[in-house]
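Notes follow once the structure below has been shown.
The values are calculated or read from the model by the stated rules, or taken from the named source; none is laboratory data. Since the model is a prediction, treat every value here as computed from it, not as a measurement. Using ideal geometry, Cβ is built from the backbone for each residue, glycine included, and neighbour counts are taken over all protein chains shown.
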């Protein structure tokens with residue numbers, strides 16, 4: 001699935017002329033098809049997260065806890081792992097590809113090679129000490145529900161982030177379909193605008209504290225529980 005200029009403008013809640021200006025400046029990733037600009041949805045989500053441009057929460061309505069597509073539910077299934085070893089980006093990715101939360105049907109060596117190849121194209125660090133390593137095309141696995149794995153690193157590692165900060169936490173997304181991958185990435189991108197959640201990640205907080213905060217953000221009551229700037233974002237209309 002690819003996006004056009006109008007799609008991206010609605011997704012980012014900006015004018016189409018702003019999208020075209022970002023393309024001309026070379027800051028927004030795009031490619032041309034028959035003299036028209038086209039955009040990969042994962043790249044746009046990555047760009048928004050790395051540049052501090054929040055996706056409007058109106059595009060992701062509050063979800064009930066039992067919804068299998070919630071970030072909290074996917075993270076419970078995948079797992080939160082403290083003390084991931086590795087002194088380099090490649091070592092960290094290899095350790096992540098061998099986490100016990102990855103389904104046995106996944107070829108772990110192939111997953112590692114895909115992750116390393118993706119980093120060679122562009123860093124997946126999104127700033128603030130966080131990375132979301134994933135191949136250019138989503139990793140589709142034979143599971144009924146999407147999985148998210150969170151690894152908190154034993155030592156900060158340079159992932160060549162735009163802000164120069166070494167990575168301390170990384171998320172790995174595994175989904176049964178491209179559509180579910182895009183939705184989960186969007187949920188994660190929205191959650192990572194929450195300053196309280198980022199503080200828990202960088203402080204290597206407990207599994208329960210991280211899950212509680214993510215559920216609060218997703219359910220829409222993060223403001224009442226000490227939410228950060230993301231809670232004040234205006235709702236925006238647009239296509240989901």
Exercise for the section: Kindly list, by first and then second residue, each pair from a residue in region 118-142 that is outside the structural domain of residue 108 (by TED's automatic domain parsing) to a residue that is at pLDDT 90 or above and assigned to a loop (DSSP other than H, G, I, E, B), limited to pairs with Cβ atoms under 9 Å and residues at least 6 apart or on different chains. Expected result: none
Exercise for the section: Report yes if some residue within region 138-147 is farther than 19 Å from residue 210 by Cβ, assigned to a strand (DSSP E or B) and modelled with pLDDT under 95; otherwise report no. Expected result: yes
Completion exercise
Only one of 192, 200 is outside the structural domain of residue 44 (by TED's automatic domain parsing) and modelled with pLDDT under 95, namely 192
Exercise for the section: Considering only residues that are in a helix (DSSP H, G or I) and within 18 Å of the chain's Cα centre (by Cα), look in region 97-111 and name the one that is farthest from residue 171 (Cα to Cα). Expected result: 111
Practice task
Taking only region 174-195 into account, find how many residues are crowded, with 23+ Cβ neighbours inside 10 Å and within 18 Å of residue 115 (Cβ to Cβ).
Solution key: 4
Exercise for the section: Answer with yes or no whether residue 135 is in a loop (DSSP other than H, G, I, E, B), at negative phi and more than 14 Å from the chain's Cα centre (by Cα). Expected result: no
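Of the residues 160, 187, 179, only one is assigned to a helix (DSSP H, G or I), over 18 Å from residue 48 (Cβ atoms) and not assigned by TED's automatic domain parsing to the domain that holds residue 11; which?
That would be 179, the only listed residue that is assigned to a helix (DSSP H, G or I), over 18 Å from residue 48 (Cβ atoms) and not assigned by TED's automatic domain parsing to the domain that holds residue 11.
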Handout entry: Tally of residues being farther than 18 Å from residue 83 by Cα and free of Cβ contacts under 8 Å to residues at least 24 places away in the same chain across region 96-114
Key = 7
Problem - Wholly within region 1-89, strands (runs of 3 or more DSSP E) carrying at least 3 residues that are at pLDDT 85 or above and touching a strand residue (DSSP E or B) at 6+ places or on another chain (Cβ under 9 Å) - result: 79-84
